[in-house]
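A short worksheet on the structure shown next.
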Amino acid sequence: MIKYEKNKNKFLNLISFSGNYKYFTVIGCILSGISAVLGLVPFIYIWKLIEEIIIVMPNFSNSENLIQYGWKALEYSLLSMGIYFIGLMFTHLSAFRNERNMKTITMNHLVTLPLGYFSRHNSGNIRKIIDYSAEKTEGFLAHSLPDLVGAIVTPMAFIVLLFSFNWLFGLLSIIPMGIGFLFLMSMMNSAKESMMLKYQKSLENMNSEAVEYVRGIPVTKTFQQTIYSFKNFHKTIKDYSKLVLNFSISGQVPYTAFTVSVNGFFALLIPAGFLLMGSVFNPKLLLDLLFYMILTPLASLIMNKVMFTSQNWMLAKQSLIAIEDILDEKPLEKSKNPQSITKHSVKFKDVSFKYPGNKVETLKNINFEINENETIALVGPSGGGKTTIATLIPRFWDVDKGEILIGDSNIKNIQEEELMDNISFIFQNTQLFKDSILNNVLIGKKGARKEEVMKALSYAQCDDIIEKLPDGVDTVIGKKGVYLSGGEQQRIALARVILKDAPIIILDEATAFADPENEYQIQKAFENITKGKTVLIIAHRLSTIENVDKIHVIDSGEIIESGTHSELINLNGFYKNMWENYNESVQWKVKSDDEEIVFESEEKESDINDSRVSI
């Protein structure tokens, strides 16, 4: 596999993806140029054929070369087409290799990026960038580039022909080409390229909003919010319409002038021909005029090919920039002297962090430690930095200041594979693949036996889920109407964690999408997950973390309170206020004119680990 090296020239960057196959591109372009020159030869023989007809008429039987000229025109036409076809074979081989390498290099780079990159970039959007960009660049290299070479070579040979027969007619013919070229350049400047980029982004936004709108139709119809849900989609349509209108208007005058000029040869040639001939018939001058009338329409095709090829290069260049944006993302730094994990405590030492592109720090001077076999919880208002702390441990991001230690080793000095082997995490949005329950759980531990998977599912309180599925553990999720609720998906994800049996566990709102029944089952499963482990829990339901070893209250990226549940209650601070608000939120009050009926949520005592669950 080739190694991509970026330089300032975008075209060199593009063909570098082809590796040694880039020489096929060169060969293909050379053959395309040769084909373009040979493609002009039939016009000469057609002119000679007409010349012979005029000379011998009306005694056509005296003609000696009519059939020969006809066959010569056909031979050179076929030869030009054949060479062009061979040239395209070379450019396609190079373009296909370029497309493959572009996708492979980009995908190989993606797997080296920190996991946090994928939280900022939608997987569908990444896939679209890679597929769309590779497709556009493949089309340019396979078709547009050899056509562009032919379009550049043809005018050179064309100009030679123009001045070979009659310099005055040649001069008159080249004037419209020069004017057309000036207008063409005005349509291909940096301002138009920038507008083309805006056009592409606007089109992508409109398509994305269209997909979201269609996906959201069931929800919008349920809540009768169709007009409001259409608002964003309507805005992108209006923005796209406005941009296209401005783009079209900006190119209206130059494109019209370009079209008129490259098709305006006859406006100069015919009057000039009549003026030169005057009242005396001149067969030689007439033949020259006929030659230019036959040849000059080719200039319009040449100029239009240059215009459309230039447009395709602009699209290919923007596609290359999108790929380069991914390749410019810095991968995780790898230690030259990797250290092994010997203990499973986790320690934050003076950690500060801000997300890429942000000016404000998300975390400020965070210090805390989770000892081996200890469970701590992070609580606090949304946006305070709890999830950010959790994602820094498995190196979704690297800290800006300070360090994070597992045992005595900085996580930057631990090999990525070893780090991930020692950490299991469950986040709010659980991802299950459209595959069997068995294979979804096996992701936690490659090569595990089916008996181990079944045991993990049982510990994760998934027995009732497996029993109701048509094919048990072999049931494919999402197939034939088989779907799981958010809480059931969380329990399957917990089975993965149990199967993996990592010594460090991170649970970020693991019960966020669970109903009371599923939450109760998940809390029971936690006993099997957290026993003898180093555990970090993030929770908004405070009743679930009353019995942890320590609670840290996070607000605005800082630890403002720390202690056990009872210690924090006695502080009469931020946590106590959260606890009181939480207890109020789990009461339902229904008022009538005569009385007030209060429905209080029951706190059901879990029979495992004294966990308390809000039911």
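When peptides 338-347, 237-246 are sorted by average Cβ neighbour count within 10 Å, with the highest value leading, the order is 338-347, 237-246.
Counting other Cβ atoms within 10 Å of each Cβ, which trypsin sites (Lys or Arg not before Pro) in the range 357-452 have at most 13 and sit in a DSSP loop? Counting only loop positions with at most 13 other Cβ atoms within 10 Å, the trypsin sites (Lys or Arg not before Pro) in the range 357-452 are Lys359, Lys434, Lys446, Arg449. If R0 equals 30 Å, the separation of the Cβ atoms of Ile126 and Lys242 corresponds to a calculated FRET efficiency of about 0.60.
Assuming 0.36 nm per residue, please report the length gained on full extension of the stretch Ser352 to Lys434 beyond their Cα-Cα distance. In short, 25.7 nm is gained. Here the Karplus relation 6.51 cos²θ - 1.76 cosθ + 1.60, evaluated at θ = phi - 60°, turns the backbone of the range 72-86 into coupling constants of 5, 4, 5, 4, 5, 5, 5, 5, 4, 5, x, 5, 4, 4, 5 Hz, with x for every Gly and Pro. Set the bar at 28 Å for Cα to Cα. Now go through Lys334/Lys450; Lys103/Lys231; Lys434/Lys550; Lys500/Lys550; Lys22/Lys336; Lys336/Lys434 and name every pair that lies beyond it. Table pairs above 28 Å Cα-Cα are Lys334/Lys450; Lys103/Lys231; Lys434/Lys550; Lys22/Lys336; Lys336/Lys434.
Arranged from fewest to most other beta-carbon atoms within 10 Å of their beta carbon, Glu580, Glu546 become Glu580, Glu546. Applying the Karplus relation 6.51 cos²θ - 1.76 cosθ + 1.60 with θ = phi - 60° to the range 242-258 yields 3J(HN,Hα) values of 5, 5, 5, 4, 5, 4, 5, 5, 5, x, 4, 5, x, 5, 4, 4, 4 Hz, where x marks Gly and Pro.
Amide H contacts of Asp555: Ile560, each under 5 Å away and 5 or more positions distant or on a separate chain (H built 1.01 Å from N in the peptide plane; Pro and chain starts excluded).
Every read-out reported here was derived from the displayed coordinates using simple, explicitly stated rules and does not represent laboratory data. Note that the structure is predicted; figures quoted are calculated from it, not measured. Please note: Cβ atoms are built from the backbone with ideal geometry, for glycine as well, and neighbour counts cover all protein chains shown.
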